[in-house]
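Asker: Handing you this structure, nothing more for now.
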Amino acid sequence: MDAKVREVYEAIGADLPVRDPDGSVPGADAIPLRLLSETLIRRERVRESELKHGVETPDGRLRGIVELGLRLDAQALKLCEQMGLTPASRVRIGVALVHAQSASDKALDADLAASREAWERHDGNTIDGDAEEVTT
C-alpha cells in the first residue's frame, strides 16, 4: 500500500467495531478496508477536480467526473456498511455479536457446571464459586 492508503487504512481500522484479540484489523476486514481506503482517496481526487473545474460543462451538462464521484460515494458507503461503520450496520453486527456471545456464555456455563460436578464426584469436595476456594 502506498503511504496515503496506509494512513487512511490505519485511521479507519482503528474505528472498526470488531477487532482481533491483539487489537489489529481482523483478516476478513483487511481487503474491504483497503478497498474503502483506496475508494476514499479516489473520491477526494474527484472532489478536487470538481472544485477546480466545476460540476457542469460550459453547456450545462454534468461532467463525467461528477458521476464517477457518485459511484465512488455509493461504493464507499457499501463497504462501510459491510464493515459495521454505519449506525444501522453496527446495530445488525451488534445483534449478531450479542447472540454469539450469549451462545458462548451458555456453553461456558455448561462447561463450568460439568467441571464442578466432576470435581465434586472425584474428591467429594465442593467448590465455593464466590470465594473461589475449595472446601472439604
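Values quoted throughout were computed directly from the atomic coordinates according to the rules given, and no laboratory measurement underlies them. Note that the structure is predicted; figures quoted are calculated from it, not measured. Positions of Cβ are generated from backbone atoms using ideal geometry, with glycine treated the same way; all protein chains shown enter the neighbour counts.
Asker: So which trypsin sites (Lys or Arg not before Pro) in the range 42-93 are both in a DSSP loop and have at most 14 other Cβ atoms within 10 Å of their Cβ?
Answerer: ARG61
Asker: Within a Cβ distance under 14 Å of PRO26, other residues only, what is the Lys/Arg minus Asp/Glu net charge?
Answerer: Local charge sum for PRO26: -2.
Asker: Between beta-carbons, use under 9 Å as the cut-off and find the net charge around ARG63, counting Lys and Arg +1, Asp and Glu -1.
Answerer: -2
Asker: Also, quick follow-up: Hey, what did the range 18-95 get for relative contact order, percent, Cα under 8 Å, at least 6 apart?
Answerer: RCO, the range 18-95: 29 percent.
Asker: So if each residue of separation counts as 0.36 nm, and I subtract the Cα-Cα distance between THR57 and ARG6, what length gain in nm does that give?
Answerer: Fully extending the segment from THR57 to ARG6 adds 14.9 nm.
Asker: Looking only at the range 71-93, which residues have a backbone nitrogen under 11 Å from a spot 7 Å from the Cα of GLU44 in the C-beta direction?
Answerer: Counting only backbone N, you get no residues.
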